[in-house]
1. Using amide H atoms built in the peptide plane, which far-off residues or other-chain residues are under 5 Å from Val65 H to H?
2. Pop the C-beta distance of Ala75 and Arg35 into the FRET formula with R0 = 22 Å and round what comes out to the nearest 0.05.
3. Would you mind working out the magnitude of the charge dipole of the chain relative to its Cα centre, with +1 at each Lys and Arg C-beta and -1 at each Asp and Glu C-beta, to the nearest 20 Debye?
4. Could you order peptides 132-145, 63-76 by the average number of other Cβ atoms within 10 Å of their residues, highest first?
5. Percent of Cα-Cα pairs per 10 Å bin, from 0 to the last occupied bin, for region 8-118, please list those.
6. If each DSSP helix of 4+ residues adds -39,500 (n - 2.57) and the sum is divided by the residues in the chain, what number results at 222 nm, nearest 500 deg cm²/dmol?
7. How would you rank Cys54, Cys15, Cys205, going from fewest to most other Cβ atoms within 10 Å of each one's own Cβ?
8. Measure off 7 Å from each Cα along the Cα-to-Cβ vector at Val131 and Val173, then give the distance between these two points in nanometres to one decimal.
Amino acid sequence: MDMNLNRTGRVGALCWVAAAPIFLIASLVTGLRWREPTYSWAIQNISDLGNAHCGMWDSSRLRYVCSPWHPLMNAATLATALLLAAGLLLTWRILGRGAVVRSAQTLLLLATGGYALAALYPADVDENLHVLGAFLIMGLGNVGLLLAGFAPGTTTLGRWRRITLTAGLVALVGTVLFFAQQGVGIGVGGMERVAVLPFPLWACCLGVLLAETATNRARSPNPTHHDSMIDGR
């Protein structure tokens, strides 16, 4: 396995670590600013937090939406997109080679574009582009996440197959149930989070693992032997 985490790779790992907390904290703060009605994590969509106007929304699940701090949510979502994309690009070679790894990385990179579209085009501003963003995140992105779980064990990405496969399976199940409008005890809004959050949470975990592995490697009293163990030589 190629686990030479240089300065560029470290920056990429840190970008991944930062993305999920920014998104989650902004979601919490923005949701808490709702008044009459209060924000429901089970009923409301994530997109409701970023809607720019107050009013009735979504004919399929009609509800009143009014998010006074929507600029915070949209700015945080855009920051999440940029951090996830930077993390992918800066760790591109480190994660491994081969068709499976590159296909997974490409699909995940497209998903980061989905976050950007969702942030720049709130659902009540341009619903078509917003829906396209959602498709990139929950459709292509989650397929890419599951595909990443099948990376060869000889690659850096393949070292964390279990966590990656788990994240991909949870995300795809959440996606299917969300589009089927099945809340399964946590509400449709809760199910959307099951579909959307695995990617940034997985990236955060992977960023920590990459940084930790590189730190342990640097502290090894016998770097050559440690490298051989990691690279399977």
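1. Amide H neighbours of Val65, under 5 Å, 5+ apart: Gly55, Met56, Trp57.
2. Details: r = 21 Å, r/R0 = 0.95.
It comes to 0.60.
3. 780 debye
4. 132-145, 63-76
5. The percentages, shortest bin first, are 15, 37, 26, 16, 6, 0.
6. -20500 deg cm²/dmol
7. Numbers: Cys54 13, Cys15 21, Cys205 17.
In increasing order of surrounding Cβ atoms, one gets Cys54, Cys205, Cys15.
8. Each label point is offset 7 Å from its Cα along the Cβ direction, giving 2.8 nm.
None of the figures in this text is laboratory data; all of them are computed from the coordinates on show. Values in this document were obtained by computation on a predicted structure and should not be read as measured data. Ideal geometry is used to build each Cβ from the backbone, glycine not excepted, and the neighbour counts take in all protein chains shown.
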